[in-house]
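Chemist: The structure is given below, and queries will be raised subsequently.
The values are calculated or read from the model by the stated rules, or taken from the named source; none is laboratory data. Bear in mind that the values here come from a model prediction, so they are computed numbers and not experimental data. Cβ: placed from backbone, ideal geometry, glycine included. Neighbour counts: every protein chain shown.
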Amino acid sequence: MPRALVLGVTSVFMTVASLRATAAETNLPNPSAPIPRLTAPANADEPAVVAAKVDEILRMEVPASQPTAKAIVSDELYLRRATLDIVGRLPNPEEISAFVLDPAEGKRAKVVEKLVADERFGTNWGRYWRDVIMYRKTEERGQIIAGPLLIYLQTELNANSPWSKIATEVITASGDALENGACGLIVAQQGMPEDVTAEVSRIFLGVQISCAQCHDHPTDRWKREQFHQMAAFFPRISSRIIFMQEERKFAVTVSVNDNPFMRGRGMFNNMRFRGTPEHFMSDLKNPQSRGTLMEPVLFATGERLSLGTSDADRRGTLAQWITAKDNPFFAKAFVNRMWSELVGEGFYEPVDDIGPDRQANAPQTLEYLASQFAASGYDVKWLFATILATKAYQMPSASRRGPEDPPFQASVAQRLRADVIYDIVLAALGVRDQPFQPGAGMAGGGMGRFRGGGRGIFANVFGYDPSERREEIQTSIPQALALMNSQNVNAAIRAGGFGFAQSSLSRLVRDIDDNQELIGEIYLRTLARQPSREEVKTCLAYINHAASRGEAFEDIQWSLINSTEFLHRN
């Protein structure tokens with residue numbers, strides 16, 4: 001090996017060793033020290049009361065150093081932001097006018113209450129959580145259960161089922177996944193105890209303990225034994241396709257307890273077709289050996305079960321421990337994720353890596369809001385009402401801050417998710433859901449397969465893993481070309497109605513003679529706001545020089561749909 005390469009490799013290992021030693025000595029608390037439990041009051045306060053307290057604590061932890069921190073967005077922008085965030089659509093012109101003209105002081109809280117009661121709330125956020133689960137699947141065939149998973153999630157969210165109930169049902173799910181969508185997480189991970197462990201921890205506790213599967217975590221306190229103790233809650237599950245006489249049942253999770261052929265057998269972990277009675281941590285020095293038999297222990301709290309415990313008791317007890325109100329991570333994981341989605345920046349980033357050895361932005365604010373969320377009984381709609389009532393949510397938007405800038409000085413502009421983009425394109429064009437013809441870069445397949453049709457095409461171009469850092473989600477050339485070149489989009493915009501005999505724009509051009517009024521109507525339908533004076537002036541000048549009035553308005557709407565503002569929640 002060349003000497004330079006040897007030195008380079010040696011340098012890398014020395015650097016890694018140095019970083020681990022530094023982390024162990026300076027950043028990491030004593031691994032044996034207990035993690036403080038979350039202290040929740042008996043009952044949560046009203047959203048407005050909690051929101052005011054959140055703002056107060058936040059400003060104490062992160063002093064306002066920019067004037068935008070004290071500003072509040074206009075009613076028009078608040079309604080657009082809240083409607084996109086809650087139900088994944090734009091408010092229509094009638095809703096905008098009614099909201100802006102309403103003189104009531106409490107109208108923002110009232111519109112939030114109305115939006116979370118809309119059935120599209122469950123659809124929008126069901127799609128979000130479906131993507132959280134499905135984007136990191138290890139089973140490609142798991143896409144067939146994305147539909148039942150979405151139905152389950154949107155039903156539970158619209159019913160305002162506590163987040164603890166949803167988490168419990170997902171952790172303890174069994175049966176035919178096409179009938180019980182709660183099986184989605186286990187099926188997506190092939191029923192593998194290690195993969196299920198990693199996802200349950202990441203999604204419901206916000207802790208990426210998967211890094212400790214093969215070795216002690218390099219930057220957290222978690223030991224390899226702790227990962228496999230957690231995996232010991234899941235050895236008796238499996239996920240497979242069952243073929244019957246005239247029926248094929250997909251992706252069924254079954255418990256080894258119900259299989260008499262497996263009882264008492266000391267199977268190894270790789271017998272995943274039907275599960276194994278217990279979980280063994282492999283011996284890295286002797287991979288062919290049986291390994292170490294692991295007791296089920298929850299790493300976050302140290303609570304444990306004995307060997308031989310049934311699958312139902314294992315997973316049921318684990319769910320109880322995870323969703324307990326004093327669990328140090330459960331409420332924080334959900335609050336942190338929702339705060340990041342709604343305000344644009346989480347207390348921890350990325351949202352699924354909170355850990356006890358991570359530094360939070362405004363930790364006291366998170367602690368208070370999480371304790372109130374736990375006290376609410378994990379009321380999801382209560383949390384939305386609370387966050388949307390804060391001044392932090394209602395601040396004007398700005399670009400994502402640099403590492404040297406203080407956090408939470410503005411609402412960070414968010415790229416819309418693929419499903420939301422698809423829905424607002426249809427609404428802006430005034431057309432129904434249909435099989436879209438792709439533009440350049442809008443090929444089928446990939447993550448869009450579990451959506452189908454035009455929605456699936458948009459998912460392949462605009463989709464992203466919701467758990468990723470937003471700054472790591474880059475705009476691409478295929479995205480820029482997608483809306484520009486889509487045959488359906490261009491046909492729907494045509495004011496003459498080619499392809500869509502009575503397109504939304506063709507009716508507007510026909511019914512509204514005043515150009516300035518029509519410009520305002522198009523802006524309201526496409527961007528959910530009135531145009532500025534400068535925008536009106538620019539549009540009027542363009543209309544005066546265009547070949548025809550209809551073509552001029554086609555170009556105006558096309559430019560708005562392809563604008564950055566249209567594709568973002570500001």
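Chemist: Which of the residues that make up segment 402-426 are part of a loop (DSSP other than H, G, I, E, B), of a type outside the set (A, V, I, L, M, F, W, C) and either surrounded by 17 or more Cβ atoms within 10 Å (Cβ to Cβ) or touching a His at 6+ places or on another chain (Cβ under 7 Å) (or both)?
Modeler: Pro407, Gln409, Arg417
Chemist: Assess whether Gly302 counts as being over 27 Å from Lys53 (Cβ atoms), touching a residue at least 24 places away in the same chain (Cβ under 8 Å), assigned to a loop (DSSP other than H, G, I, E, B) and small (Gly, Ala, Ser).
Modeler: yes
Chemist: Can you tell me which of Glu534, Glu517, Glu554 is buried (at least 20 other Cβ atoms within 10 Å of the Cβ) and either under 37 Å from the mean Cα position of the chain (by Cα) or farther than 21 Å from Ala82 by Cα (or both)?
Modeler: Result: Glu554 is the single residue among Glu534, Glu517, Glu554 that is buried (at least 20 other Cβ atoms within 10 Å of the Cβ) and either under 37 Å from the mean Cα position of the chain (by Cα) or farther than 21 Å from Ala82 by Cα (or both).
Chemist: Quick check on my filter: what residues within segment 305-327 are buried (at least 21 other Cβ atoms within 10 Å of the Cβ) and in a loop (DSSP other than H, G, I, E, B)?
Modeler: Result: Asn327, single match.
Chemist: Could you check, for segment 337-355, whether at least one of its residues is within 16 Å of Phe299 (Cα to Cα), of a type outside the set (Val, Ile, Thr) and surrounded by fewer than 24 Cβ atoms within 10 Å (Cβ to Cβ)?
Modeler: Scanning segment 337-355, I find at least one residue that is within 16 Å of Phe299 (Cα to Cα), of a type outside the set (Val, Ile, Thr) and surrounded by fewer than 24 Cβ atoms within 10 Å (Cβ to Cβ), so the answer is yes.
Chemist: Restrict the check to segment 500-517 and report whether at least one residue is among the aromatic types (Phe, Trp, Tyr) and either within 27 Å of Tyr78 (Cβ to Cβ) or part of a helix (DSSP H, G or I) (or both).
Modeler: no
Chemist: From the list Glu179, Glu169, Glu199, which one is over 21 Å from Gln226 (Cβ atoms) and in contact (Cβ under 8 Å) with a residue 24 or more places away in the chain?
Modeler: Glu179
Chemist: What number of residues within segment 128-185 are modelled with pLDDT under 95, among the β-branched types (Val, Ile, Thr) and surrounded by 21 or more Cβ atoms within 10 Å (Cβ to Cβ)?
Modeler: Number satisfying all stated conditions: 1.
Chemist: Same structure again: Can you pull out every residue in segment 71-122 that is among the polar types (S, T, N, Q) and surrounded by fewer than 22 Cβ atoms within 10 Å (Cβ to Cβ)?
Modeler: Start the filter on segment 71-122 by keeping residues that are among the polar types (S, T, N, Q), which leaves 74, 83, 92, 97.
Residues satisfying the conditions are Ser74, Asn92, Ser97.
Chemist: Only residues that are out of contact with any Ser or Thr (no Cβ under 8 Å at 6 or more places or on another chain) and not in a helix (DSSP H, G or I): list them for segment 366-385, please.
Modeler: Scanning segment 366-385 gives Ser376, Asp379.
Chemist: Separate question: If I filter segment 484-506 for residues that are under 39 Å from the mean Cα position of the chain (by Cα), at pLDDT 90 or above, closer than 30 Å to Glu341 by Cα and buried (at least 16 other Cβ atoms within 10 Å of the Cβ), do I get at least one hit?
Modeler: Taking every residue of segment 484-506 in turn, none turns out to be under 39 Å from the mean Cα position of the chain (by Cα), at pLDDT 90 or above, closer than 30 Å to Glu341 by Cα and buried (at least 16 other Cβ atoms within 10 Å of the Cβ).
Chemist: Is it true that some residue in segment 377-399 is over 23 Å from the mean Cα position of the chain (by Cα), surrounded by fewer than 22 Cβ atoms within 10 Å (Cβ to Cβ) and either at pLDDT below 85 or farther than 26 Å from Arg525 by Cβ (or both)?
Modeler: no
Chemist: Looking at segment 458-483, which of the residues that are within 20 Å of the chain's Cα centre (by Cα) and of a type in the set (A, V, I, L, M, F, W, C) is nearest to Ser506 (Cα to Cα)?
Modeler: Ranking the qualifying residues of segment 458-483, first place goes to Phe458.
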